[in-house]
Amino acid sequence: MKRFACFVLLVSCWAVNASAYSVGFDQVQLYTDSDRPLKASVWYPSQTTFPTEKIAENAAFLGTDVVRVGAPLAGQFPLVVISHGYRGNWRNQNWLATKLVQDGYVVASLDHPGTTSFDHSPQAAAQWWQRAGDLSRLLDWLLNESYLLPNIDANNVTAIGHSLGGWTVMLLAGAQFDRDQLKHECVLKNNPRVCGLMPELGLDQPQASEPTGHLKDERIKRVISLDLGLARSFSRQSLRVLTTPTLILAAGVDIGDLPQAEESGFLAQYIPSNNRQYIVYPDAAHFSFMQLCKPGAIEMIEEEEPGDGIVCQDGNGRSRDDLHQVMYRDILAFLHQP
């Protein structure tokens, strides 16, 4: 009986793995003739299953297996767009993109000019509204021009963002930047990690060509914020009337100057409870939402850039892989809601 049970378990595990979609991957240069060109990365269900290669892997971080420019699988799939954090890049949530594709989603991300690992342009960084515009332009391409157009369900679009990316997708959900409120909040509680970025991100004073009003993109049906920062810059009134379903995921371990109660908790306090879910992971730190780190990564990163090893530190001895499993379960449950 035990041998039969083990056999059934093995067959069940094989069936689950066998049902996962193969992951196709491509990178495209968009709007090369504009003053803000974009590099987009796209993951999608692929009918091509081999050969596979590793992407987003280096000496410190683990990558995932994909089929480079595999033939898209026939059918329509929900779309997810992802925004990376401050001075991050598309690789940071590659783990999440890969899992989503295996479960039947098309996923796209990009490197935000001025606030990515590869571009620290002060002029681009100070145009705070452009980050939201980047994702809207990415959607323009995906839903109007891309070769994946036949494979995307345009009525089922989600935006996910980590850290400053969480702030970005909240703008797309209808939250509105309020400079006076942020300045007042930073007088009351001058958080160096958040308030200290105001000049660099163009939040301290009006910028040339700065838009007024909201930046909401009606094509986005739901948003997910992964331990965002700068939440206190959103006007309370805009959060009170927010109608876009929102999943707020927060790290319970404070890395020093980013207490979730003042960031994710601020969103949860003002967004109507019928339009949002709020989950705090007590064992997660801010960078737990990024890709898996290799053994010895902290020491290697610290040797190159003292202080940066924090990107591989999680909380209370819980592995990042375990945290990802729980986070992904919560994300998928939210995506599956009608």
For this session: Given the conditions (1) among the β-branched types (Val, Ile, Thr); (2) closer than 16 Å to Gly166 by Cα; (3) in contact (Cβ under 8 Å) with a residue 40 or more places away in the chain, report the number of the one that Ile255 does not fulfil.
Result: (2)
For this session: Would you be able to tell me the number of residues in region 181-218 that are closer than 13 Å to Trp129 by Cα and either of a type in the set (Gly, Ala, Ser) or in a helix (DSSP H, G or I) (or both)?
Result: 4
For this session: Give the number of residues within region 272-325 that are surrounded by 15 or more Cβ atoms within 10 Å (Cβ to Cβ), hydroxyl-bearing (Ser, Thr, Tyr) and either out of contact with any helix residue (DSSP H, G or I) (no Cβ under 9 Å at 6 or more places or on another chain) or more than 19 Å from Asn94 (Cβ to Cβ) (or both).
Result: 2
Exercise. Given (1) farther than 21 Å from Pro72 by Cβ; (2) under 14 Å from the mean Cα position of the chain (by Cα), where does Thr158 come up short, assuming only one miss?
Worked result: (1)
Exercise. Which residues, taken from region 21-78, are aromatic (Phe, Trp, Tyr), farther than 30 Å from Glu305 by Cβ and assigned to a strand (DSSP E or B)?
Worked result: Tyr44, Phe77
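A quick yes/no check of all residues on (1) outside any loop (DSSP other than H, G, I, E, B); (2) more than 13 Å from the chain's Cα centre (by Cα); (3) at pLDDT 95 or above:
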{"residue": "Gln93", "(1), (2), (3)": "yes, no, yes"}
{"residue": "Leu100", "(1), (2), (3)": "yes, no, yes"}
{"residue": "His112", "(1), (2), (3)": "no, no, yes"}
{"residue": "Gln127", "(1), (2), (3)": "no, yes, yes"}
{"residue": "Leu135", "(1), (2), (3)": "yes, no, yes"}
Problem set entry | Near pairs, Cβ below 7 angstrom, 6+ apart or cross-chain, from region 313-338 (in a loop (DSSP other than H, G, I, E, B)) to any residue that is charged (D, E, K, R) | Asp314/Asp283; Asp314/Arg320; Gly315/Asp283; Asn316/Asp283; Arg318/Asp283
For this session: Write out, first by first residue and then by second, each pair whose Cβ atoms fall under 9 Å of each other, whose residues are 6+ apart or on separate chains, and whose first residue, in region 75-90, is over 13 Å from Leu143 (Cβ atoms) while the second is basic (Lys, Arg).
Result: Ser83/Arg131; His84/Arg91; Trp90/Lys39
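Is it the case, given these coordinates, that Phe287 is at pLDDT 95 or above and out of contact with any strand residue (DSSP E or B) (no Cβ under 8 Å at 6 or more places or on another chain)?
Working: at pLDDT 95 or above: yes; out of contact with any strand residue (DSSP E or B) (no Cβ under 8 Å at 6 or more places or on another chain): yes.
For Phe287, the condition - at pLDDT 95 or above and out of contact with any strand residue (DSSP E or B) (no Cβ under 8 Å at 6 or more places or on another chain) - is met.
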For this session: Report yes if some residue within region 115-123 is farther than 21 Å from Leu215 by Cα and crowded, with 23+ Cβ neighbours inside 10 Å; otherwise report no.
Result: no
For this session: Pick out the one residue from Ser209, Ser163 that is touching a residue at least 40 places away in the same chain (Cβ under 8 Å), more than 28 Å from Arg91 (Cβ to Cβ) and among the hydroxyl-bearing types (Ser, Thr, Tyr).
Result: Ser209
For this session: Just name the residue that is farthest from Arg219 (Cα to Cα) out of those in region 232-251 that are assigned to a strand (DSSP E or B) and out of contact with any Lys or Arg (no Cβ under 8 Å at 6 or more places or on another chain).
Result: Ala251
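The values are calculated or read from the model by the stated rules, or taken from the named source; none is laboratory data. None of these values were measured; they are calculated from a predicted model. Every residue, glycine among them, receives a Cβ derived from its backbone with ideal geometry; neighbour counts consider all protein chains shown.
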